[in-house]
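Below is one structure, written out as structure tokens, with a few remarks after it.
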Amino acid sequence: MNELKRAIVTGATSGIGQSTVQALIDSGRQVLAVGRRADRLEALADKTGTSILAADVRDKEVLDGAIEDFSPDILVNNAGVGHGIDGLEDMDPAHIQEAIDINVTAPIQITAAVLKGMRARGNGHIVNIGSIAGLHTLVSALYGSTKAAIHLFSQNLRFELAGSGIRVTEICPGRVASGFYTAAKGDREKLDKMKQSGIRELQPEDIAASILFAIDAPSHVNVAMIEVLPTDQAIGGVKLHTIGE
Ligand SMILES: NC(=O)c1ccc[n+]([C@@H]2O[C@H](COP(=O)([O-])OP(=O)(O)OC[C@H]3O[C@@H](n4cnc5c(N)ncnc54)[C@H](OP(=O)(O)O)[C@@H]3O)[C@@H](O)[C@H]2O)c1
């Protein structure tokens, strides 16, 4: 473990966030795990010894208070929703604002809140969970645009903080087996169809390992961005999407 010892992880009740809490605890760090489902947080605390905060990341007052008390030197902005993953049409209009609030506004606000302490201490690490959907053109105008915002947020923040000792890492996963698609697809038939593609998905622990790789790098090394794909998934190039396909 390097000098970074206290981590806040948002979206810790399942998937990538839950595995990241475990990996950080295993590395000897203190962790504050944040999520809405209190029962899952309590089970995680029993299993790992993490501190927990049952809260919505949009609740700025609660998050600000917790940050002041916990004084983190690592922030993993992981909480996110996949609203609009299959396209903008036919989706619940209320989900548009929700996706922007959870995927974009909340991580920016939480980052702003941790920076003061990190600046004063002269070190810190912000890890933002983006997506391949924020880097490449997929059928996800809403979700992709929220993750594209996280991409340029990460790039600009790294620039703003250069020389401060605070590092910024963006992790861009491809398909990960988690609760994400169950919530995002919202429809058993669509989920089953996706599963039939036969892709051997990434596991949440694979992304946690990438996060720990960036955090455990020596202090003069900033792992700026990691794009992680399943071996069976490729992005880019030209694959014609024709009517009726
Ligand atoms: N799975 C993939 O293929 C994939 C690919 C690329 C990027 N990502 C990104 O990876 C991140 C983690 O997703 P995952 O795959 O691990 O999915 P997941 O299993 O669905 O986990 C999402 C987590 O976010 C939390 N969350 C959602 N809204 C929240 C809110 N308003 N306040 C607090 N916590 C909230 C959920 O907890 P509660 O519901 O308990 O609050 C849950 O712990 C997301 O940012 C996602 O966009 C996922």
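The numbers here are math on the coordinates, done by the rules we state, and not lab data. All values reported here derive from a predicted model rather than from experimental measurement. Quick reminder, even Gly has a Cβ in these numbers, built from the backbone with ideal geometry, and neighbours come from all protein chains shown.
Side notes on the structure shown:
- Whole-Hz ³J(HN,Hα) from phi, Karplus 6.51 cos²θ - 1.76 cosθ + 1.60, for the stretch 124-130, glycine and proline x: x, 9, 9, 10, 9, 8, x
- Above-threshold pairs, the threshold being 20 Å between Cα atoms, out of Lys147/Lys185; Lys147/Lys190; Lys47/Lys195: Lys147/Lys190; Lys47/Lys195
- Separation of the stretch 135-177 from the stretch 1-41 is 20 Å, based on Cα centroids.
- For the pair Ala141 and Glu68, a Förster radius of 51 Å applied to the C-beta separation gives a FRET efficiency near 0.85, rounded to the nearest 0.05.
- At R0 = 51 Å, FRET efficiency that the Cβ-Cβ distance of Ala45 and Leu88 yields, to 0.05: 0.85
- Computed 3J(HN,Hα) for the stretch 60-67, one whole-Hz value per residue from the Karplus formula 6.51 cos²θ - 1.76 cosθ + 1.60 where θ = phi - 60°, is 4, 4, 5, 5, 4, x, 5, 5, glycine and proline marked x.
- The long axis of helix 15-26 is offset from the longest Cα principal axis of the chain by roughly 30 degrees.
- Relative to the current alpha-carbon distance between Asn222 and Lys116, full extension at 0.36 nm per residue lengthens the span by 36.2 nm.
- Fluctuation leader among Asp187, Asp64, Asp216 - the chain, Gaussian network, Cα springs under 10 angstrom: Asp187
- Neighbour net charge for Arg29 - beta-carbon separation under 13 angstrom, K R +1, D E -1: -2
- Our compactness index for the stretch 6-228, the C-alpha radius of gyration over the empirical 2.2 N^0.38 Å, is 0.97.
- Amide H partners (placed H, <5 Å) of Val76, local residues excluded: Ile8, Val9, Thr10, Val127
- The chain: angle of helix 106-121 to the longest principal axis, Cα-based, in degrees nearest 10: 30
- For a straight C-alpha distance cut-off of 20 angstrom, the lysines reachable from Lys60 (same-chain residues fewer than eight places away being disregarded) are Lys116.
- Treating each Cα of the stretch 59-122 as an identical point scatterer and summing with the Debye formula, the log10 of I(q)/I(0) at q = 0.13, 0.14, 0.24 Å⁻¹ comes to -0.45, -0.50, -0.98.
- Asp59/Asn156 FRET efficiency (R0 30 Å; Cβ-Cβ; nearest 0.05): 0.75
- Applied to the stretch 34-51, the Karplus parametrisation 6.51 cos²θ - 1.76 cosθ + 1.60 on θ = phi - 60° returns per-residue 3J(HN,Hα) values of 10, x, 8, 7, 4, 4, 5, 5, 5, 5, 5, 5, 4, 6, 10, x, 5, 7 Hz, with x for Gly and Pro.
- Sorting 114-123, 169-178, 86-95 by their mean Cβ neighbour count within 10 Å, with the most densely packed peptide first, gives 169-178, 114-123, 86-95.
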